[in-house]
1. If the elastic network links every pair of Cα atoms under 10 Å, which of B:276, B:264, B:367 fluctuates the most in the Gaussian network model of chain B?
2. From a point 7 Å beyond the Cα of residue B:402 in the direction of its Cβ, which residues of segment B:341-384 have a backbone N at a distance under 17 Å?
3. For chain A, what's the relative contact order in percent, using C-alpha pairs closer than 8 Å and at least 6 residues apart?
4. Kirkwood hydrodynamic radius, segment A:306-355, all distinct C-alpha pairs: what's the number in Å?
5. Please compute, for peptide B:139-150, the average count of beta-carbon atoms on other protein chains lying within 10 Å of each residue's beta-carbon.
6. Within 10 Å of each residue's Cβ, count the other Cβ atoms and sort B:381, B:50 from fewest upward.
7. Using Cα-Cα distances under 8 Å and only pairs 6 or more residues apart, what relative contact order does segment B:50-142 have, in percent?
8. Take every Cα-Cα pair in segment A:252-323 and report what % of them are more than 19 Å apart.
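Coordinate-derived values only; no laboratory data. These numbers were taken from a predicted model, which means no experiment stands behind them. Ideal geometry is used to build each Cβ from the backbone, glycine not excepted, and the neighbour counts take in all protein chains shown.
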């Protein structure tokens, strides 16, 4: 190992960077393994000597795939904070409250840098933790919190730093994307695919955090803050999931040239800033529509850079550990960037646009009695709400019984679609629906 | 503008970062425009005050889309080096020798950081310039040199820094990708599409630098160095372009479920490190096969992160200026990383694998006389070179005249394919070909 080479290049020289790791699940052990494998190479390449000083987990006796004997074992995570030798605490405990929050607060308060993969905690407490980090002049880094295998925090914070960001469109939840991909490939229904995913360990039980959009929303509010220079604001976000997406909708979407994706959207429009998580129809020609299975992707649109997309594995020990190590290396080589890419006082409190105000095309599917006059009734309701129809699809004839009817609207305010939808649902001839999906062109 | 906020957060404080820009074409003017637009926001966000001190171009009277009156004008780029106020020279003159090289050498030698978009120069002189930068303790940054709208240098250097990189697969030349995309969509031939691209200004005249693979190769040798910790080595690279790709090959590729792409490949295998630029067949299910038109993409495979792909616009004023500004902001906020991500003495001299040694499947297309015994002759040659056939496609019958024949081989060493190909070409019954494309599975 050529220490000489490193010391010649003295602007890159740094001292040993000592870390304490709390949480030794698959990600924590992955970080330990990566550091053990790459320590010498990283020292040679960057001059940064990354040293694990101490580790913490609930159960010291649990068998783990890495050798931890060289590190001090601490039964209490807060002991990591008291250790004067530790420069940086890596929090991989998880949970938006409790030990994780206590540890991060104590570490920042003690003037230690913090690295975390904890999106839920940052979504809820990121603003307060950011203020604490700033007051103590330390960094709070979280590349692993959003789409582990994709360096999206770095891209927004540094790669596209000079751009005025127009929009961020993400597939941020691998479980949902997997379920939607299987539904499309097999024609099976949501509940059926979910149960299989749970059996295989791809989805949690209960699955709410993933399939109802909350996990994606936690991540999106961090991306919003970085993209637009606003406070992370989890409370002001329209969140919906994929429970209402049916096999029928997926079949129609495919036939019409679309894919149904759970998109996390942060967008700047003439009407204002918007953040929302929703299942919507994306033209199959758009690259993000082609991201399948457990893969994540983020499309970023900047005024100078144009469209750029990053994709990769969003979860799992390897990708997440890789993101944690990227943060460790940045700090070890002396990088210091504000928590949300600006001093906290510069972060504006956004006035988010009500998603019902947004103008878009919509897919509307319903089942109606196959009898004369029904279409005239529906058309009249749409006309009264100033909604015009781009195309209409009616499959099969079944006089006197129900048949599916699909409408694609021209651009219209979401509020009007909802109002019209209530009225259409109340028609006697309507036996199911309308089911609405926004079209994200 | 809240200077107060910035100064409170004192670890992020930096002094003014003063730059001189040489070259005021569309990219140079784009950089000036971005800085003018974003200067206040960047100061507020990062604490870095980016100031343009002086500019240089050949013609001071040429109309330009930005106001340059506030900056000192220098007729000689070397004057930028003599100006003690300038921290960093941004070289956007272009050309692998001449004024660009003189400027970069002089600037580094004078202890100034250098930012450049000049891939040809770095491919040829990167190693020597890296040593000079190291000796003078300054940085030489070049995010804009490879796929402007894609932060790929940053991804390799920082985002995936803790990974052992297994491979980098790039679509790095927008002109070639555009031509191949149009050929596929329209069925037209290379020469025809090239002429149209030249008329539209999408391709240069002469087009050699792009269509013969040299531009992609310049970029690839920088990515190889960053990925594998080796010296940039433009001389040891197999380079071929897209001139020999015919409309017929594209039709067959599509039918067989592939896309033909000019791939820039840097890969680690059991046999050794390999770098090559070549048109090859990529399964249409692989995400990089779906990157069309002028878009660029880079797929990076790391041991922990798995597969990650970044895509976006590779060229043009906006994306390139965005990448230059990203480098400026990194330096202005105090980041200092080695030129090729390691001290120069740590960079190994790679022993590159001869591409003929690599093992792969191959597509082989030829025209042969439609008469008994021809296939037996070809099969015998293949058998003699130990090449086995996975599938065979013969289209149409035309007794006594030529018909197209397409073979897909099982995995075999490239050398054997070449040897067999010579013998098959020499058969009397062979009227055209064989045309060979490697299959990049």
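1. Looking only at B:276, B:264, B:367, the largest GNM fluctuation is found for B:367.
2. B:364-371, B:374-375
3. 16 percent
4. Value: 14.5 Å, from the Cα pair sum.
5. 2
6. Ascending number of Cβ neighbours within 10 Å: B:381, B:50.
7. 23 percent
8. 47 percent
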